[in-house]
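S.K.: Below is the structure I would like to discuss, written out as structure tokens.
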Amino acid sequence: MKKLILILILAAVSPSSLAAEATEPLDPVYTNLGNKASLQRGAKLFVNYCLSCHSAAYMRYNRMGRDLGISQGNIDEHMMFAADKPGALMTVSMPEVKAKQWFGTAPPDLSLITRVRKPEWVYSYLRRFYFDAESPHGWNNSLFENVAMPHVLYELQGVQRLTGHDEHGYPRFEMQAPGTMTPEEYDEAMQDLTNFLVYLGEPAKLERYKIGTIVMLFLAGLLVLSYFLKKEYWRDIHYS
Amino acid sequence: MSKFLEWVDRRFPLTKTWNEHLAEYYAPKNFNFWYYFGSLAMLVLVIQIVTGIFLTMHYNPDAETAFASVEYIMRDVPWGWLIRYLHAIGGSAFFVVVYLHMFRGLLYGSHREPRELVWLLGCVIFVVLMAESFMGYLLPWGNMSFWGAQVIISLFGAIPFVGEGLAEWVRGDFVVSDATLKRFFAFHVAAVPLILAGLVYLHIVALHRVGSNNPDGIEIKKNKDADGVPKDGIPFHPYYSVKDLVGVVVFLIIYLAIVFFLPEFFGLFLEKDNFLPADPLQTPADIVPLWYFTPYYSILRATTESLMWFVRGLIVLSVVVAFVRTSKPTAKGIAALVGAGFFIGAFIFTPKFWGVVLMGFSIVALFLLPWLDQSPVRSIRYRGWMYKTALAVFVFSFVILGYMGMHNPDHVSLFIFKNVVWAQICTITYALFFILMPLYSVWDRTKPEPERVNFK
Ligand code: HEM
């Protein structure tokens, strides 16, 4: 009987796959919502480099400020280019029709991107842009072939070219013109950005684990109490 | 206090009800692990209703804003995320609990005489519960919500002649749309929960009329003391109320651990594609229903042309079994006629239609269990190897079907066979569990049942 239960549980834990397009393996990324400094750096990158095309339309500026410890003054000055009320949603000013004209596809909303795709996917995606003379805007991405998004971070990363794939399927690049960041700095920046996008996907995650731990401790106590209560009552039940 | 109680009792049977269903309801003293799930199912029903009420306060049943309103709940409503996770994961928890609750019936013969009505009401609850969760799943208006509903509703279209009209009538439109969302909302929050609550009430009333079965499958009412109390019975309250409390806490630990630490549960409880808003122009790479529907979905997809000869064989086999097990000429005549009708139908109608029929039968078969099972004993403890093997094969088939339903039918995924072949094999073994039951449950060499209950 115990085995049966085990089989049932094991069978339940097989993840369903999203898209069939996962051709390249993904780079591991460490995300930690406890690291406020990282989240702040990620937020800055996001607002400066992504929000011009992508919205995060389910997120409010003031909520982000509160959660990440960014002052309202700072947000007003450096972040709210497109909005005027502190409680405004992080929408984008570019009209969708225009965006479609320019890129062929409207840039998708990024509020939930790490929940639609894995954080590892986003991190890998941001690292794998390369120069491609054949693409209309000059850029391509080895993880997302013929992507409509140009490499907006090339100033930071530099310009790289795809030289092939290694035996595990990871892409190999060759740096042609270095950017303002070293490769290590860029990876770290992308880790911050991914970290922020994870937060953006579920702000409640900041408190979810903490509350969960308290709830578990409380239930553990309750389990002990209820177990002994049951034992006490059942003392007088016997089997002949 | 007692004055007040007297006052009430003269006007309403409060003490009587309390005694009949709790303090003087004698339950067998040997309930084990499998007996927690009935009360847990009631707990989950309450959780779903309470969290559902709070979600309804903030949710917008409107195709334009439904998705955003769910994100609003997740971000802007105080504790909204918790309420929503409790409800979404509660749906999966409900099916875990109900599946285990039903499996208990198969283990200990709880569906057998005199508990047929308890079982039948349970089966109706199960069907209604599936409708409830199917409609609820459309409400967040994610891309999997949309395409899942699109695929399942279009199944009606496979029914000859009336199918297309029926599908349109269900949707209220030619495709899943705002009209569909609004009617599903009405059913999900009002109509179906009312029906469910009523059915659960009837389920309990029917159970308390005949009394609970137990892991030994023997009637405790056959052994009563001088006061007419079953010797192996103990009052539900306080004994089982304190015991169920332990079960409730253990359940809450598992359920809340998932809510707080793993709400997506590897994409099984919250599917990745449902974090994208519904998009009629963009089909998800694989349209998969939630995990608890995948066994039936698998049966649907497994029914292709190559399975049809087996389906015809199963029809013939059913008639043969009916002939072996009945001596009444009228029963034989009816079996032969119905069988012939199905057999001919298996040549006329398309495999797609038969997929829908088999999917329906896989659930209808549960309703027939009290009559298919003819064993002289109830509990698996006293059955022989045949029933044990059959049950193991059935559980295996169900799990494999569920697994295959989550994956693309054409991928080679398990050992030598393609996904769809596995699903076909398991569809057949699933059917055989029921079709052959009138034979093996009788042929099985059973052990004698004990006089009094044991605890193992
Ligand atoms: C909302 C869902 C349901 C609720 C709240 C519910 C509740 C209960 C409760 C409280 C009991 C008594 C405690 C126990 O024996 O575990 C019970 C017994 C039973 N239920 Fe359910 N039930 C549900 C669904 C079902 C379903 C889907 C089936 C089967 C198809 C079913 C079949 C039975 C049977 C046969 C018994 C008697 C078991 C025995 O005496 O051994 N129930 N139910």
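Since every read-out is calculated from the coordinates, none of them should be taken as a lab result. Quick caveat, the model's predicted, so the values are computed rather than measured. Please note: Cβ atoms are built from the backbone with ideal geometry, for glycine as well, and neighbour counts cover all protein chains shown.
S.K.: Round to a whole angstrom and tell me the spacing of the C-alpha centers of region B:1-50 and region A:31-46.
M.R.: So the two Cα centres are separated by 52 Å.
S.K.: While we're on this one: Spelling out what I want: for every residue of region A:180-195, take phi, set θ = phi - 60°, compute 6.51 cos²θ - 1.76 cosθ + 1.60 (Karplus), and round to whole Hz; glycine and proline get x.
M.R.: Calculated HN-Hα couplings, in order: 6, 10, 6, x, 5, 4, 5, 4, 5, 4, 5, 5, 4, 5, 4, 4 Hz.
S.K.: Now a separate question. Expressed as a fraction of 2.2 N^0.38 Å, the rule-of-thumb size for a compact globular protein of N residues, what is the C-alpha radius of gyration of region B:1-69?
M.R.: 1.87
S.K.: Further question on the same structure: How do B:L5, A:L110, B:L100 rank when sorted from fewest to most other Cβ atoms within 10 Å of their own Cβ?
M.R.: B:L5, B:L100, A:L110
S.K.: Here's another thing I want to ask about it. Obtain the nm distance between the two label points defined at B:I344 and B:V250 by a simple spin-label model: each point lies 7 Å from its Cα along the Cα-to-C-beta direction.
M.R.: 5.5
S.K.: Would you calculate, for chain A, the mean residue ellipticity at 222 nm contributed by helices, counting each DSSP H stretch of 4 or more residues as -39,500 (n - 2.57) and dividing by all residues, to the nearest 500?
M.R.: Dividing the helical sum by the residues of chain A leaves -13500 deg cm²/dmol.
S.K.: Divide, for region B:19-275, the radius of gyration over alpha carbons by 2.2 N^0.38 Å, where N is the residue count.
M.R.: For region B:19-275, the normalised Cα radius of gyration is 1.16.
S.K.: Using all Cα-Cα distances in region B:187-298, what percent lands in each 10 angstrom bin from 0 up to the longest?
M.R.: Histogram of Cα-Cα distances, whole percents per bin: 10, 20, 29, 21, 13, 5, 2, 0.
S.K.: Rounded to the nearest 500 deg cm²/dmol, what is the calculated helix-only ellipticity per residue at 222 nm for chain B, with -39500 (n - 2.57) per DSSP H run of length n ≥ 4?
M.R.: -20500 deg cm²/dmol
S.K.: Hey, another quick one. Just to confirm my numbers, what's the Cα centroid distance between region B:271-311 and region B:75-140 in Å?
M.R.: 20
S.K.: Something else now. With each label point set 7 Å from Cα along the Cα-Cβ vector, what nm distance links A:N62 and A:T23?
M.R.: Result for the modelled spin labels: 4.8 nm.
S.K.: Provide the FRET efficiency to the nearest 0.05 for the B:L14-B:K332 pair, computing r from the beta carbons and using R0 = 51 Å.
M.R.: For R0 = 51 Å, the calculated efficiency reads 0.40.
S.K.: Report, please, the projected area of region B:356-415 averaged over directions, based on the convex hull of its C-alpha atoms, in nm².
M.R.: 5.8
S.K.: Shifting gears a bit: In a shell of Cβ-Cβ distance under 13 Å around A:M190, excluding A:M190 itself, what net charge do Lys and Arg (+1) and Asp and Glu (-1) give?
M.R.: Residues close to A:M190 contribute a combined charge of -4.
S.K.: Projecting each Cα onto the charge dipole of the protein assembly as shown (Lys/Arg +1, Asp/Glu -1 at the beta carbon, about the Cα centre), which of B:W141, B:I287, B:I53 comes out farthest on the positive side?
M.R.: B:I53
S.K.: Spelling out what I want: for every residue of region A:165-176, take phi, set θ = phi - 60°, compute 6.51 cos²θ - 1.76 cosθ + 1.60 (Karplus), and round to whole Hz; glycine and proline get x.
M.R.: 10, 7, 5, 8, x, 6, x, 10, 10, 10, 6, 9
S.K.: Can you give me the span-like helices of chain B, meaning DSSP H runs with 18 Å or more of Cα extent along the axis and Kyte-Doolittle mean at or above -0.5?
M.R.: Counting only whole DSSP H runs, the qualifying helices are B:37-58, B:80-108, B:116-138, B:192-210, B:241-261, B:308-325, B:329-348, B:351-372, B:385-405, B:419-435.
S.K.: Hey, could you pull the Cα Rg and Dmax for chain B, both in Å?
M.R.: 24.0, 74
S.K.: For helix A:205-233, what angle does its Cα long axis make with the longest principal axis of chain A, in degrees from 0 to 90 and rounded to 10?
M.R.: That works out to roughly 10 degrees.
S.K.: Could you bin all the Cα-Cα distances of the protein assembly as shown into 20 Å bins starting at 0 and give me the percent of pairs in each, rounded to whole numbers?
M.R.: 15, 43, 31, 11, 1
S.K.: Nothing charged except the Cβ atoms of Lys and Arg (+1) and of Asp and Glu (-1): what's the magnitude of the dipole of region A:26-100 about its Cα centre? Round to the nearest 20 debye.
M.R.: In debye, rounded to 20, region A:26-100 gives about 80.
S.K.: Here is a follow-up. If you average over every viewing direction, what projected area does the convex hull of the Cα atoms of region B:291-443 give, in nm²?
M.R.: 9.6
S.K.: Sticking with this structure for a sec: In terms of modelled amide H atoms, which long-range or inter-chain residues lie less than 5 Å from the amide H of A:W139?
M.R.: A:D132
S.K.: Tell me, what HN-Hα J-couplings in whole Hz come from the Karplus equation 6.51 cos²θ - 1.76 cosθ + 1.60 at θ = phi - 60° for each residue of region A:101-112, using x for Gly and Pro?
M.R.: Listing the rounded values in order: 4, 6, 10, x, 9, 6, x, x, 5, 9, 3, 10 Hz.
S.K.: Shifting gears a bit: Roughly how large, in nm² to one decimal, is the mean projection of the convex hull of the alpha-carbon atoms in region A:20-202?
M.R.: With the hull built on Cα positions only, its mean projection is 10.8 nm².
S.K.: Amide H neighbours of A:V159 under 5 Å, counting only residues 5+ apart in sequence or on other chains, H built in-plane at 1.01 Å?
M.R.: Hits under the 5 Å cutoff: A:Q176, A:A177, A:G179.
S.K.: Considering the zone a paramagnetic label at A:T213 would reach in this model (a point 7 Å from Cα along the Cα-to-Cβ line), which residues of region A:22-46 have amide N under 12 Å from it?
M.R.: Flagged as within label range: A:34.
S.K.: Moving on. Averaged over A:211-223, how many beta carbons belonging to a partner chain fall within 10 Å of each residue's beta carbon?
M.R.: For peptide A:211-223, the averaged partner shielding equals 4.
S.K.: What whole number of Å gives the distance from the Cα centroid of region B:157-204 to the Cα centroid of region B:394-456?
M.R.: With region B:394-456 and region B:157-204 each reduced to a Cα centre, they are spaced 31 Å.
S.K.: Another question, if that's okay. Which whole-number percentage describes the relative contact order of chain B, with Cα contacts under 8 Å and a sequence gap of 6 or more?
M.R.: Once divided by the residue count of chain B, the mean separation gives 22 percent.
S.K.: A further question on this structure: Along the charge dipole of region A:162-217, which of A:M190, A:P178, A:G201 sits closest to the positive end, that is, farthest toward it, with unit charges on the beta carbon of Lys, Arg, Asp and Glu (+1, +1, -1, -1)?
M.R.: Final value for the positive-end residue is A:G201.
S.K.: Counting only other chains, and only Cβ atoms inside 10 Å, what mean value do you get across the residues of B:249-260?
M.R.: Taking the mean over all residues of the peptide, I get 4.
S.K.: If amide H atoms are built 1.01 Å from N in the plane of the peptide, which residues on other chains or at least 5 residues away come under 5 Å of the amide H of B:K29?
M.R.: Residues meeting the criterion, in which the H sits 1.01 Å from N, are B:I234.
S.K.: Now for a different question. If I take R0 = 60 Å and measure r between the Cβ atoms of B:W443 and B:I49 in this structure, what FRET efficiency does the formula 1/(1 + (r/R0)^6) give, to the nearest 0.05?
M.R.: That gives a FRET efficiency of 0.85.
S.K.: Further question: Shape of region B:236-297 from its Cα gyration tensor (a ≥ b ≥ c, root eigenvalues): rounded if a/c is under 1.5, otherwise prolate when a/b > b/c, or oblate?
M.R.: Since a/c reaches 1.5 and a/b is larger than b/c, the shape of region B:236-297 is classed as prolate.
S.K.: B:V210 to B:V124: extension gain in nm, 0.36 nm per residue of separation minus the Cα-Cα distance?
M.R.: Length gained between B:V210 and B:V124: 29.1 nm.
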